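Peer 1: Sharing a structure here in structure tokens format.
The values are calculated or read from the model by the stated rules, or taken from the named source; none is laboratory data. The model shown is predicted, which means the values in this text are computed figures rather than measured ones. Using ideal geometry, Cβ is built from the backbone for each residue, glycine included, and neighbour counts are taken over all protein chains shown. Note: areas computed on protein heavy atoms with side chains; ligands, DNA, RNA excluded. Shrake-Rupley method; radii C 1.70, N 1.55, O 1.52, S 1.80 Å.
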Amino acid sequence: MEFSVKSGNPEKQRSACVVVGIFEPRRLSPSAEQLDKASDGYISNLIRRGDIEGKLGQSLLLHNVPGTLCDRILLTGCGRERELNPDKYGKIIATATRALNEGGAMEAVFYLADINIKGQDSAWKASQLVLTVEDVLYRFDQLKSEKDAFRRPLRKIVISIPSRRELAECEEAVLAAQAIANGVITAKDLGNLPGNICTPSYLADQARKLAKEHTNLTTAILEESDMEELGMGALLSVSRGSRQPAKLIIMEYRGGLGDESPAVLVGKGLTFDAGGISIKPSEAMDEMKYDMCGGASVIGTLQACAELQLPLNVTGVIPSSENLPDGDANKPGDIVTSMSGQTIEILNTDAEGRLILCDALSYCERFDPAVVIDIATLTGACIVALGHQAQALLSNHNPLTHELLNAGKQIGDRAWELPLWDEYQTQLDSNFADMANIGGRAAGSITAACFLSRFTRKYKWAHLDIAGTAWKSGKKKGATGRPVPMLMQFLINRV
Ligand code: BES
Ligand code: MN
Ligand code: ZN
């Protein structure tokens with residue numbers, strides 16, 4: 001999609017469509033008011049007759065409205081003005097986008113920046129518009145022989161803002177949002193690809209390809225023999241259950257000064273999680289192809305950094321493997337030695353994410369990181385605790401927690417903190433090794449983070465459990481691209 005920003009009167013737009021808001025009950029937004037004046041009360045008449053109430057989700061397409069220069073006007077319901085919030089603002093844009101894409105207009109001017117959202121400026125509205133439009137229009141049809149093509153797809157969007165003075169900052173916000181949206185698309189595509197295509201080698205190839213496209217982005221791949229030398233016994237033990245070789249993908253984006261410590265992002269890249277010998281029930285097991293969404297979000301974020309040429313150093317680390325049952329797979333009770341030297345009793349082979357992450361986290365020490373953030377579809381318990389709205393956040397550094405929470409709030413990709421208290425650590429006690437890889441039924445997401453915390457003592461670290469936010473189940477099954485927006489906002493705020 002092509003986006004641009006401008007400022008001007010709605011009745012003067014020579015466009016295929018002008019989009020304006022209507023509040024419930026039957027009240028005009030400032031731009032709708034302007035069109036109404038220019039058309040001698042055409043819109044207010046129609047509203048009085050009850051054609052649109054202004055409820056969230058409603059829309060009404062008008063043609064050839066007198067006194068205007070555009071072909072169409074799309075009235076979009078905004079709900080009650082007093083109840084507006086960031087989430088509803090997204091729903092308004094989504095409604096308008098769907099209506100436009102199904103209609104005949106291939107370009108449109110959005111007059112939705114005149115709607116007041118408490119605490120948000122035009123730049124925020126422009127950014128949300130870009131992110132929402134790209135989210136709504138996303139399709140994953142690369143593996144369908146017949147693509148669901150639109151007759152006249154939307155191609156060009158102009159974002160109209162009330163004041164010329166904000167033009168420069170809105171344009172900058174749009175550029176950033178486009179890069180973020182592209183990162184989200186990459187993360188969605190990788191997540192939606194099935195396990196037979198998106199293997200650890202495939203992820204490594206995609207990371208390599210990205211490095212070829214950007215000069216200050218490099219990719220290196222560690223093979224199993226390299227991991228052997230590094231003593232990554234935990235990661236390798238998971239990979240032994242699969243015929244696909246594990247990969248440790250290292251991506252380095254260098255936009256900052258040479259000696260500046262990088263922010264390191266570590267993403268779980270488990271391309272299919274059958275559970276191993278502690279095999280999962282077969283219902284909805286297909287969804288375990290999404291177990292690499294943490295890794296996908298790291299690739300998407302690095303892509304966005306490179307596209308934006310963010311003046312920052314960012315390193316991505318993706319341990320990637322399958323988790324399958326095989327004659328050589330981990331068995332419950334097996335004890336492995338991690339790169340840190342700590343031994344782990346594997347009581348459940350399905351708690352494999354922490355096994356591949358712990359070695360990747362030890363590896364991160366060599367980067368002298370400013371911060372390390374790991375992103376993982378780590379526990380089903382996280383969905384029970386927080387649902388699909390918020391990712392869980394646990395950290396050993398309070399300021400980092402707040403940076404991440406705020407970034408998520410800012411861009412609408414939110415996290416919620418869970419306690420990483422010492423009191424939970426004893427649940428990982430093992431009779432035979434330094435620790436067990438599971439902590440029992442209680443507080444499953446917290447004990448998983450406790451496990452990781454034993455490998456991150458040397459730096460500032462935060463863990464994001466995205467099991468609930470990385471994809472949607474049911475009819476709209478698919479990857480969401482989260483938390484690329486949150487990570488990008490976090491990095492942008494650090495510049
Ligand atoms: N990838 C799963 C976590 C998961 C489960 C994500 C469901 C999304 C939906 C992870 O590897 C796993 O299997 N975790 C186990 C841990 C348990 C054995 C302690 C889980 O959550 O059941
Ligand atoms: Mn598992
Ligand atoms: Zn898993």
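Peer 1: Among what's in the stretch 281-307 and is among the acidic types (Asp, Glu), open to solvent by 40 Å² or more (accessible area, probe 1.4 Å) and part of a helix (DSSP H, G or I), pick the residue that is farthest from Asn192 (Cα to Cα). Outline the logic, then answer.
Peer 2: So in the stretch 281-307, the residues among the acidic types (Asp, Glu) come out as 283, 286-287, 291, 307.
Then drop every residue that is not open to solvent by 40 Å² or more (accessible area, probe 1.4 Å), which leaves 283, 286, 307.
Remaining after also requiring part of a helix (DSSP H, G or I): 286, 307.
Details: Asp286: 11, Glu307: 23 Å.
Looking at residues that are among the acidic types (Asp, Glu), open to solvent by 40 Å² or more (accessible area, probe 1.4 Å) and part of a helix (DSSP H, G or I), I get Glu307.
Peer 1: Select from the stretch 375-392 the residues that are assigned to a helix (DSSP H, G or I) and more than 16 Å from ligand 3 (Cβ to nearest atom) and write down the one among them that is surrounded by the most Cβ atoms within 10 Å (Cβ to Cβ). Before the answer, list the steps.
Peer 2: Let us first name the residues in the stretch 375-392 that are assigned to a helix (DSSP H, G or I), namely 380-386.
Filter once more, keeping what is more than 16 Å from ligand 3 (Cβ to nearest atom): 385-386.
Values: Ala385: 19, Leu386: 21.
Per the criteria, the residue is Leu386.
Peer 1: Would you confirm whether any residue within the stretch 308-327 is surrounded by 19 or more Cβ atoms within 10 Å (Cβ to Cβ), part of a helix (DSSP H, G or I) and in the same structural domain as Pro200 (by TED's automatic domain parsing)? Before the answer, list the steps.
Peer 2: Residues of the stretch 308-327 surrounded by 19 or more Cβ atoms within 10 Å (Cβ to Cβ): 308, 310, 312-324.
Right, trim to part of a helix (DSSP H, G or I) and you get 308.
After this cut, where a residue has to be in the same structural domain as Pro200 (by TED's automatic domain parsing) as well, the list is 308.
Among the residues of the stretch 308-327, at least one is surrounded by 19 or more Cβ atoms within 10 Å (Cβ to Cβ), part of a helix (DSSP H, G or I) and in the same structural domain as Pro200 (by TED's automatic domain parsing), which makes the answer yes.
Peer 1: Among the residues of the stretch 271-291, which ones are within 9 Å of ligand 3 (Cβ to nearest atom) and within 17 Å of the chain's Cα centre (by Cα)?
Peer 2: Asp291
Peer 1: Run down Thr199, Thr186, Thr215, Thr271 and say which single residue is of a type in the set (S, T, N, Q) and without any contact (Cβ under 8 Å) to a residue 60 or more places away in the chain.
Peer 2: Numbers: Thr199 fails: without any contact (Cβ under 8 Å) to a residue 60 or more places away in the chain; Thr186 fails: without any contact (Cβ under 8 Å) to a residue 60 or more places away in the chain; Thr271 fails: without any contact (Cβ under 8 Å) to a residue 60 or more places away in the chain.
The unique qualifying residue is Thr215.
Peer 1: For the structure I just gave you, tell me whether Leu270 is aliphatic (A, V, I, L, M) and within 16 Å of ligand 1 (Cβ to nearest atom).
Peer 2: For Leu270, the condition - aliphatic (A, V, I, L, M) and within 16 Å of ligand 1 (Cβ to nearest atom) - is met.
Peer 1: Only one of (1) among the hydroxyl-bearing types (Ser, Thr, Tyr); (2) under 30 Å from Asn493 (Cα atoms); (3) within 12 Å of ligand 1 (Cβ to nearest atom) is not met by Thr401, so which one is it?
Peer 2: (3)
Peer 1: With respect to the numbered conditions (1) surrounded by fewer than 22 Cβ atoms within 10 Å (Cβ to Cβ); (2) over 30 Å from the mean Cα position of the chain (by Cα), which one is the sole condition not fulfilled by Met1?
Peer 2: Of everything listed in (1) surrounded by fewer than 22 Cβ atoms within 10 Å (Cβ to Cβ); (2) over 30 Å from the mean Cα position of the chain (by Cα), Met1 misses just condition (2).
Peer 1: Output the number of the condition that Ser160 fails; it satisfies all remaining conditions of (1) in contact (Cβ under 8 Å) with a residue 40 or more places away in the chain; (2) out of contact with any helix residue (DSSP H, G or I) (no Cβ under 9 Å at 6 or more places or on another chain).
Peer 2: (2)
Peer 1: Just the residues that are within 14 Å of ligand 3 (Cβ to nearest atom) and surrounded by fewer than 23 Cβ atoms within 10 Å (Cβ to Cβ), please, taken from the stretch 330-365.
Peer 2: Scanning the stretch 330-365 gives Asn348, Asp350.
Peer 1: Another question, then. Scan the stretch 122-159 residue by residue and report those that are open to solvent by 10 Å² or more (accessible area, probe 1.4 Å) and in contact with a Lys or Arg (Cβ under 8 Å, 6 or more places away or on another chain).
Peer 2: Correct list: Val136, Tyr138, Arg139, Phe140, Asp141, Lys147, Asp148, Val158.
Peer 1: Here is a further query. Which of the residues that make up the stretch 336-374 are in a loop (DSSP other than H, G, I, E, B) and either away from ligand 2 (no atom under 15 Å from the Cβ) or charged (D, E, K, R) (or both)? Full working, then the answer.
Peer 2: In the first step, residues of the stretch 336-374 are kept if they are in a loop (DSSP other than H, G, I, E, B); the result is 338-342, 347-352, 368-370.
Ser338, Met339, Ser340, Gly341, Gln342, Asp350, Glu352, Asp368, Pro369, Ala370, listed by residue number.
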